[in-house]
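Let me begin by presenting the structure, written as structure tokens, before commenting on it.
Derivation of every value follows stated rules applied to the coordinates shown; laboratory data play no part. Bear in mind the structure is a predicted one, so any value in this text is a computation, not a measurement. Cβ sites come from the backbone with ideal geometry, for glycine too, and all protein chains shown count toward neighbours.
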Amino acid sequence: MGIASPSRRSFLSAASAGALVAATGPLLGACGNDGGSGAGGKVTLEFWNIATTEPQKTQYPKVVQAFQAANPNVTVRMTALENEAYKAKMTAQTTSGKLPDIFVSWGGGVLKQQVEAGLVEDLTRRAADLSATLNPLSMEAYRFDGRLYGIPYDMGMVGFWYNKRLFAKAGVKQPPATWSAFLDAVRRLKAAGITPIALAGKEKWPGHYYWSYLAMRIGGGAVFEQAETSRDFSAPVFVDAGRRLKELADLQPFQQGYQGAGYPTPGGQAALMGTGRAAMELMGQWAPSVQEDAGGDLGADLGFFPFPTVEGGKGTLTEVFGGGNGHALRKGAPKEAMDFLRFFLNAENERMFVSSGAFMPVVKGAESAITDPNRKQVAQAMTGATGFQLFLDQAFAPAVGQQVNDSVAELIAGRATPEQVTRSITQAARTQ
Amino acid sequence: MTSGPPATPGASAPATSTPGAPPGDAAAPDASTPDASGATVPARSAARPRRLRRWLSSAWFLIPALVLFALFVLLPIAIAGYAAFFRWGGFGPPSEFVGLDNFTRMAGDPIFRGDLWRGLVLVLLSLVLQLPLAVGTAVLLNGRMRGRAVYRMVFFAPYVLSEVVTGVLFGMIFLPGGGLADHLVEDLPLLGGLAGRWFSDPSTAMPTLFLVMTWKYFGFHMMLYLAGLQSIPGEVLEAASIDGAGAWRRFRHIVLPLLGPTLRISVFLSVIGSIQLFDLVWVITAGGPSHSTETMSITMFQYGFKRYQVGYASAISVAMFAISLVFSLLYQRYVLHRDLRGAVTAPGAPR
């Protein structure tokens, strides 16, 4: 046991000490060198995006390669994540204070928190030339106190995407323009044995579109701005929106088992639409491409109509609810990051993205590249919009936005009253 | 940084209890007091530096493990404990001290209370249904039967699958309106009504989840019991049957008592597992519909990573940690103490 142990022990100690230094040395060394931009030398850009579906999935690497060919000293490292995974990962990343150089942002409350934490580059001056060419509406979500913190690359609105063949089969001649006509159409579809609406109940955010649009149609386009500043959602307009939504939910218009359904997943909302098993869905401009990816292309059978007006309400059909996608830069990102954003939106790329149906145009005049009649209709609605409201779960601080999603889901499931919904949202707005 | 707490609370509970043991063990051989007391004065002064050196070298070898343990277990716990007293969005250092506000809010939060209730239901269901099932199959598979190894493998296989894979798999099986489960029950008289509901109806989501959990974990407990059963000496059973004990009495009065230590550790693992349950639920239902399958860790994730209320999420993780810790301490003190002392029930010990 104790034989000749000193020498052996000291040898082991020395060896292990050496090993420890060898193991931690590179680690300690690694902490010192990041920051990306070497003076005049190689630059590596971290680019986090959500291009996990076609056509973006194949377009992004092409754009990156073209950019690298034009700027040989720059390497762009892409990380593509699915939406929800991206949000979760970004939260962890934001908390650690180290954001990627270029990252996808939907603007609104989430970006605002990141800006307030001093993590996001102010692009007001650096991107003045670029922002002048963009549709002003598309930048609204990225602007705080007159400063611009993000560059949009996709902008659109939410509306009803419907299956013309199924509507005709149920005897609904034209898309409903008022809420009562809409409810009537739902009844007819149901009577014809067709699932009127596909809804991804598991994901909650698709449900909040209904409540938000109803509130806008009842109280006018600015209702949410007022409520957000006063932190009070108890106004009658919001209770009324809940009541109208309950009217719809009471008709049981959604597919069987909708509470467990996802959006882009197999058997989810988009798949039901794409395979013609549901007559309509309330969804943003990306709906046709996701339908195609998850189910199938409805082709000429697919139609679009704006969210109907509510009788006696102040809102109009031209007030739109929606949002888009954009990029923001980490504070202190190398100047090449801005070059990449500029390159991303150049005429050639914008044409490719828009004509392939990946994105809706943000550059003024790029609408002409759209050939699809539905997408053209969305683009026209965007240019002619008289009011705009960003998705609530993006516009509001995350705690409030998530509460909206949660409460509306409970309302649709019949587990909360319209009053309870407004109460819990108000409470979340006050405590956040 | 906040990614630490979710993993640690449960994991650290058994972990914190283990480091208690090694120092005690290490102290025993080190206590060379009989040796030292018998020695003369000069020998004693020589023994001291040697003992010091020995202590130093063992400390030196402990350092890597200690550093990792402190860095990835103790520090995150301390930070979560600290953050729980702040209203903190996760950006920069926490600054808005709110005292016990997060904890009082938690106590009044119907979702958190629901989590506790659902956790309790899961624990009870595991104890009442899953464990007996595991014991039963273990006893069956311990006997001589054709294809025994194949059965063992088949029952154990689900445990080898990762939680996420299991989640995706069962998400597809229970897919409303087209999944395998719907097709299976469609035409059955009693279960037919379940088609299209499963995970999409608040009243059936929890039982369905438990079904998946049982499928996934009972094989693991079965393996534990099989190992326990194999350490029961055959002579004891043989003697009992010679004395005229039937199969049931042999099981009830010999197998079950001798299986005691395994049973207790299996219950322990089952309870801790239920408290920590996250990934399986997250993938299948994300806690829905209407919070009907939400667990404490899911609530914590929702607040920490979706709502940016890291302070409140930390408070939830502290509560989870406290529950696991209190449970494991009490359990070790009152239930496991016999096994830890390694006396009565150790096979071969009673002569």
Original post:
Given a Förster distance of 41 angstrom, what is the FRET efficiency for A:R187 paired with B:L127, based on the Cβ-Cβ distance and rounded to 0.05?
Top reply: 0.25
**OP:** Of the options B:L190, B:S270, B:P110, report the single residue whose Cα projects farthest towards the positive end of the charge dipole of the protein assembly as shown (beta-carbon charges: Lys, Arg +1; Asp, Glu -1).
**Re:** B:S270
Subject >> Spin-label model distance (nm) - B:D279 vs B:L180, 7 Å beyond Cα toward Cβ >> reply: 2.1
**OP:** Anything in chain A that counts as a DSSP H helix reaching 24 Å or more along its axis (C-alpha) with Kyte-Doolittle mean of at least 0.0? List them, would you?
**Re:** A:5-32
Original post:
Along the charge dipole of chain A, Cβ charges K/R +1 and D/E -1, which of A:A358, A:A132, A:G156 sits furthest on the positive end?
Top reply: A:A358
**OP:** Shielding by partners for B:300-309, please: the mean number of other protein chain Cβ atoms within 10 Å of each residue's Cβ.
**Re:** 6
**OP:** Mind checking the full-extension length gain between B:I242 and B:L161? Use 0.36 nm per residue of separation minus the Cα-Cα distance, one decimal, nm.
**Re:** 24.8 nm
Original post:
For A:Y263, B:Y159, what's the fewest-to-most ordering of other Cβ within 10 Å of each Cβ?
Top reply: B:Y159, A:Y263
Original post:
What is the magnitude of the charge dipole of chain A about its Cα centre, with +1 placed on the Cβ of each Lys and Arg, -1 on the Cβ of each Asp and Glu, and no other charges, expressed in debye to the nearest 20?
Top reply: 520
Subject >> Ranked list, fewest to most other Cβ atoms within 10 Å of each Cβ, for B:M145, A:M360 >> reply: B:M145, A:M360
**OP:** Give me B:W198, B:W55 ranked fewest to most by other Cβ atoms within 10 Å of their Cβ, as a rough exposure proxy.
**Re:** B:W55, B:W198
Original post:
Which is farthest toward the positive dipole end of the protein assembly as shown among B:S57, A:A66, A:Y86, measuring Cα position about the Cα centre, with Cβ charges +1 (Lys, Arg) and -1 (Asp, Glu)?
Top reply: B:S57
Original post:
Dipole size in debye (nearest 20) for the range A:163-242 around its Cα centre, Lys and Arg Cβ +1, Asp and Glu Cβ -1?
Top reply: 700
Subject >> trypsin sites (Lys or Arg not before Pro) restricted to DSSP loop in the range A:363-410 with at most 13 other C-beta within 10 Å >> reply: A:K364
Original post:
Quick one: which of A:K89/A:K376; A:K42/A:K112; A:K112/A:K204; A:K62/A:K89; A:K57/A:K202; A:K112/A:K335 span more than 28 angstrom between C-alpha atoms?
Top reply: A:K89/A:K376; A:K42/A:K112
Original post:
What is the mean number of Cβ atoms from other protein chains located within 10 Å of the Cβ atom of each residue in peptide A:201-207, rounded to a whole number?
Top reply: 3
Original post:
Hey, got the dipole for the range B:104-341? About the Cα centre, +1 on K and R Cβ, -1 on D and E Cβ, debye to the nearest 20?
Top reply: 600
Original post:
Can you give the average number of partner chain beta-carbon atoms within 10 Å of each beta-carbon in peptide A:76-88, as a whole number?
Top reply: 1
**OP:** Please report Rg over Rh for the protein assembly as shown, where both radii come from the alpha carbon positions and Rh follows the Kirkwood definition.
**Re:** 1.04
Original post:
Which shape class, rounded, prolate or oblate, goes with the range B:104-341 when its Cα gyration tensor gives a ≥ b ≥ c as root eigenvalues, a/c under 1.5 marks rounded, and past that a/b bigger than b/c marks prolate?
Top reply: oblate
Original post:
Are there trypsin sites (Lys or Arg not before Pro) in the range B:72-165 that DSSP marks as loop and that have at most 10 other Cβ atoms within 10 Å, and which are they?
Top reply: B:R144, B:R146
